[in-house]
Amino acid sequence: MSTVLSRLRITLVSIWTWTVLGIALALAMPFVFLWRLIGWPVDRVNYFGGRLFRLAGTVPARLTPRWRFEVRGRRPDRPRNPYVVVCNHESFADILLLSHLPWEMKWLSKIEIMRIPVVGWEMWAACDVGVTRGRTTSAREAMADCRDRLRKKVSIMIFPEGTRSPHRDLLPFKDGAFRLAIEAGVPILPLALSGTRDAIARHDWRINPAHAVVEILEPEPTVGVTDIQALKQRVQARIRIARDRLREELHQ
């Protein structure tokens with residue numbers, strides 16, 4: 001009987017959280033689209049509409065008693081001095097956790113996600129960047145769009161693993177984010193997160209109790225850097241060390 005009640009409670013909480021997310025996104029959508037239209041002459045990348053979109057993503061965590069989401073580390077003093085932001089990827093909940101960061105970023109995302117009703121439409125309206133996996137032309141166009149966002153003083157958010165890790169080890173980092181940072185002459189801002197895998201498991205929709213943390217690490221300069229592989233390995237090692245430290249702390 002207790003098992004049945006536990007499953008029922010998990011199901012009801014999960015329905016509640018996804019419903020809250022859907023309502024928050026639906027309420028934000030008209031304003032995100034409206035500002036893209038009327039704000040275009042002064043805000044070509046819909047900075048403020050995108051910020052509202054990310055804030056909508058924080059609502060489920062605030063209204064889900066089973067979740068505690070936390071941001072640590074030093075925030076950038078001048079977030080409009082752009083970064084290429086990179087982070088490990090554990091769960092769909094990563095997106096909800098990273099939405100708590102107090103500045104706007106444009107996200108590089110699989111084009112399939114940008115075709116999902118409501119959330120995908122808002123990503124388009126917020127000037128996020130879509131890419132089709134496996135298509136070289138699409139990757140080149142996406143990197144050109146990312147450079148455009150950086151020139152307009154907005155950071156780019158990239159998961160360098162490319163997808164959620166199916167296990168607790170980091171997947172190999174891809175070169176794209178690091179090449180972009182070097183070519184654009186902007187620093188890398190590494191983030192390390194842990195705990196989101198507990199919040200929403202891979203290939204599952206149910207909401208589980210979780211304490212998730214994202215830590216902002218010190219920026220990694222790229223001025224004068226020419227070795228993409230060395231830069232990538234250095235940043236990956238820093239993220240791994242910080243993530244392991246957070247994981248150990250959260251599971252004590």
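The values are calculated or read from the model by the stated rules, or taken from the named source; none is laboratory data. Since the model is a prediction, treat every value here as computed from it, not as a measurement. Don't worry about glycine lacking a Cβ; one is built from the backbone with ideal geometry, like all the others, and counts go over all protein chains shown.
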Can you give me the number of residues within the range 102-123 that are touching a Gly at 6+ places or on another chain (Cβ under 8 Å) and in a helix (DSSP H, G or I)?
3
Return the residues of the range 13-51 that are among the charged types (D, E, K, R) and in a helix (DSSP H, G or I); say none if nothing qualifies.
R36, R51
So is L97 among the hydrophobic types (A, V, I, L, M, F, W, C), surrounded by fewer than 18 Cβ atoms within 10 Å (Cβ to Cβ) and touching a residue at least 40 places away in the same chain (Cβ under 8 Å) or not?
no
Given (1) among the aliphatic types (A, V, I, L, M); (2) surrounded by 16 or more Cβ atoms within 10 Å (Cβ to Cβ); (3) in a helix (DSSP H, G or I), where does I10 come up short, assuming only one miss?
(2)
Looking at the range 78-110 only, could you name the residues that are more than 23 Å from T196 (Cα to Cα) and not charged (D, E, K, R)?
P79, N81, P82, Y83
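Here's the yes/no breakdown for (1) among the small types (G, A, S); (2) surrounded by fewer than 16 Cβ atoms within 10 Å (Cβ to Cβ):
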position	(1), (2)
V154	no, no
H167	no, yes
L170	no, no
I182	no, no
A192	yes, no
Every residue from the range 105-127 that is acidic (D, E) and either surrounded by fewer than 19 Cβ atoms within 10 Å (Cβ to Cβ) or within 11 Å of the chain's Cα centre (by Cα) (or both):
E112
From the list R36, R78, which residue is within 19 Å of L98 (Cα to Cα) and more than 17 Å from the chain's Cα centre (by Cα)?
R78
Identify, please: which residue in the range 209-249 is touching a Gly at 6+ places or on another chain (Cβ under 7 Å) and farther than 22 Å from E183 by Cα and is, among those, surrounded by the most Cβ atoms within 10 Å (Cβ to Cβ)?
A212
Against the condition touching a strand residue (DSSP E or B) at 6+ places or on another chain (Cβ under 8 Å) and either under 20 Å from P166 (Cβ atoms) or at pLDDT below 95 (or both), how does M114 come out, does it pass?
yes
Looking at L27 and the list (1) modelled with pLDDT of 95 or more; (2) surrounded by 13 or more Cβ atoms within 10 Å (Cβ to Cβ); (3) in contact with a helix residue (DSSP H, G or I) (Cβ under 8 Å, 6 or more places away or on another chain), which single condition is not satisfied?
(2)
Going through R51, R62, R66, R74 one at a time, which residue ends up being of a type in the set (K, R) and within 27 Å of R179 (Cβ to Cβ)?
R74
Could you run through the range 46-56 and say how many residues are surrounded by fewer than 21 Cβ atoms within 10 Å (Cβ to Cβ) and in contact with a helix residue (DSSP H, G or I) (Cβ under 9 Å, 6 or more places away or on another chain)?
3
Do the conditions hold for R149, that is, is it within 27 Å of A26 (Cβ to Cβ), modelled with pLDDT of 90 or more and surrounded by 16 or more Cβ atoms within 10 Å (Cβ to Cβ)?
yes
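If you go through the range 158-175 one residue at a time, do you hit one that is polar (S, T, N, Q), within 18 Å of C87 (Cα to Cα) and at pLDDT 90 or above?
No, the range 158-175 contains no residue that is polar (S, T, N, Q), within 18 Å of C87 (Cα to Cα) and at pLDDT 90 or above.
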